[in-house]
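A.B. asks: The structure under discussion is supplied below as structure tokens; questions concerning it will follow.
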Amino acid sequence: MPSERATDTTPFAAMDVLERASERDGVVHMEVGEPDFRPPEAATEAAVAALRAGDDDYTSSRGTASLRDAISEHYADTYGVDVPAERIIVTPGSSPALLLAMLSSVEPGEEVVLTNPHYACYPNFVRLADGRVSTVDLDPEDGFEPSVSAYEAVVDDDTAAMLLNSPANPTGAVTSGDTLAGLVDLAERTDTTVVSDEVYHGLAFDAEEHSVLEYTDDAFVLDGVSKRYGMTGWRLGWVVCPPSHVEAVNRIAQNALICAPSFVQAGAEAAIRGGTDWLDDVREDYAERRDLLLEAAERWGFDLGYTPEGAYYLLLDVSELGDAFDVADVFLEDAGVAMTPGPDFGEGATDYLRASFATSTEDVREAIERIDALLATTTT
Ligand SMILES: Cc1ncc(COP(=O)(O)O)c(C=O)c1O
């Protein structure tokens, strides 16, 4: 028998939909957050050169010194904060980084506070650390942005951690600097660990992003190259640790991960050192796709009730058409458009489908045309 922990781990619906959608030809994929742009050429060149040079051995479990320096410089350049390389541990993707943060800060039975809706995998990470999930409800009327007062009603001295995410998946909401500062203050008052997932940083098109590191050193910050550099399959992320937790996190990383792939670290370093000026064009594309979808959603009568400001997702309220799983099935089977049913992202997303507009503008237009045609046949 698989363990209770394994049995209780729920599937990731977006990956399930991807599996089913991949069995069909001509599907427009809006179910996963897979950026359509290529990684920076310098990253590919550096990774290939490293591999050819025989750079294929284990590295330190913390990551190579030069990559950690590049990440430290990224924090100084982007947010004006001093994050010594000693606090950074490189991981194979930001997902293992989140597991390290949970395993090193949550005791069995302790509470971890998530937003509702939240990234689908978060509750499973809490469960893997034998923690207990509590949620703070977000309201589309507030743009799904969290408020400090809503957290104050849930977080107390018994809370182990609050897991923040901005720009957020699945809503695209961006948390303001004032709110982050207020949440850090609440965490300090209640001795709660802040874990901030900043994997969509660089992809806010309508709002200013802030790292939680601007307000405290006493936090875990997760990030990586998947989203910002279009390098999802490279599997490279990192965790910035609170000074008190660096050695504990590294002990778990040494045992469970050994290290991130060496030549991938060389490629990631080149991507990070290359800066993000070219992302201006990507952000413009994302804003255009978002606007195309907002316009279409209004025509379809799928009330959004808010405007996503970052990442590359939005939530379409399809409750008028029926159950979100059924609507996702109809979209896939009859229109060849794959989207993820909202319930995977928490009770607050039950009525929604999550659409990712990381796919090309051409694909977004094609998906809109197909849904236009589908809805025209079902409503006449
Ligand atoms: C909010 C959030 N965090 C983390 C991840 C995982 O990213 P990575 O590829 O770095 O493991 C994702 C992937 O979709 C995500 O949406």
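Residue-wise test of (1) basic (K, R); (2) in contact with a Pro (Cβ under 6 Å, 6 or more places away or on another chain); (3) buried (at least 21 other Cβ atoms within 10 Å of the Cβ).
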position: D142; (1), (2), (3): no, no, no
position: A153; (1), (2), (3): no, no, no
position: A161; (1), (2), (3): no, no, yes
position: P167; (1), (2), (3): no, no, yes
position: T192; (1), (2), (3): no, no, yes
position: Y200; (1), (2), (3): no, yes, yes
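A.B. asks: Determine which member of the set V194, V199, V174, V126 is away from the ligand (no atom under 14 Å from the Cβ) and not basic (K, R).
C.D. replies: Going through V194, V199, V174, V126 in turn, the sole match is V194.
A.B. asks: State whether one or more residues within segment 263-284 are within 13 Å of the ligand (Cβ to nearest atom), surrounded by fewer than 20 Cβ atoms within 10 Å (Cβ to Cβ) and either among the hydrophobic types (A, V, I, L, M, F, W, C) or part of a loop (DSSP other than H, G, I, E, B) (or both).
C.D. replies: No, every residue in segment 263-284 fails to be within 13 Å of the ligand (Cβ to nearest atom), surrounded by fewer than 20 Cβ atoms within 10 Å (Cβ to Cβ) and either among the hydrophobic types (A, V, I, L, M, F, W, C) or part of a loop (DSSP other than H, G, I, E, B) (or both).
A.B. asks: I'm trying to understand the selection: among the residues of segment 111-160, which are among the charged types (D, E, K, R) and more than 19 Å from the chain's Cα centre (by Cα)?
C.D. replies: E111, D130, R132, D139, E141, D142, E152, D156, D157, D158
A.B. asks: Which pairs do you get when a residue that is within 18 Å of Y306 (Cα to Cα) and touching a residue at least 60 places away in the same chain (Cβ under 8 Å), found in segment 164-184, comes within reach of a residue that is of a type in the set (D, E, K, R) and within 11 Å of the ligand (Cβ to nearest atom), reach meaning Cβ atoms under 9 angstrom, with the pair 6+ apart or on two chains?
C.D. replies: S166/D197; S166/E198; P167/E198; A168/D197; N169/D197; N169/R354; P170/R354; T171/R354
A.B. asks: Scan G237, G233 and give me the residue that is within 13 Å of the ligand (Cβ to nearest atom), touching a residue at least 40 places away in the same chain (Cβ under 8 Å) and within 25 Å of D36 (Cα to Cα).
C.D. replies: Checking each option against the conditions leaves just G237.
A.B. asks: With respect to D139, determine if the residue is at positive phi and of a type outside the set (S, T, N, Q).
C.D. replies: no
A.B. asks: Taking E41 and the conditions (1) more than 21 Å from Y200 (Cα to Cα); (2) free of Cβ contacts under 8 Å to residues at least 60 places away in the same chain, which numbered condition does it fall short on, given that it satisfies the others?
C.D. replies: Only one criterion in (1) more than 21 Å from Y200 (Cα to Cα); (2) free of Cβ contacts under 8 Å to residues at least 60 places away in the same chain is unmet by E41, namely (1).
A.B. asks: Considering segment 100-109 alone, what residues qualify as being on the phi < 0 side of the Ramachandran plot and surrounded by fewer than 17 Cβ atoms within 10 Å (Cβ to Cβ)?
C.D. replies: The answer is E107, P108.
A.B. asks: Of everything in segment 320-342, what is closer than 21 Å to N116 by Cβ, in contact (Cβ under 8 Å) with a residue 60 or more places away in the chain and not small (G, A, S)? Give them in sequence order.
C.D. replies: Matches in segment 320-342: M339, T340, P341.
A.B. asks: Can you tell me which condition S149 does not meet? The list is (1) modelled with pLDDT under 95; (2) more than 26 Å from R354 (Cα to Cα), and all the others hold.
C.D. replies: (1)
A.B. asks: Name the pairs whose Cβ atoms lie under 7 Å apart, with the first residue in segment 91-120 and free of Cβ contacts under 8 Å to residues at least 40 places away in the same chain, the second basic (K, R) and not in a loop (DSSP other than H, G, I, E, B), and 6 or more positions between them or separate chains?
C.D. replies: The qualifying pairs are G109/R132.
A.B. asks: Taking the condition surrounded by fewer than 16 Cβ atoms within 10 Å (Cβ to Cβ) and under 30 Å from E73 (Cβ atoms), does I258 pass?
C.D. replies: Taking the combined requirement at face value, the residue satisfies it.
The values are calculated or read from the model by the stated rules, or taken from the named source; none is laboratory data. All figures in this text were calculated on a predicted structure; none of them were measured in a lab. We place every Cβ from the backbone using ideal geometry, glycine too, and count neighbours over all the protein chains shown.
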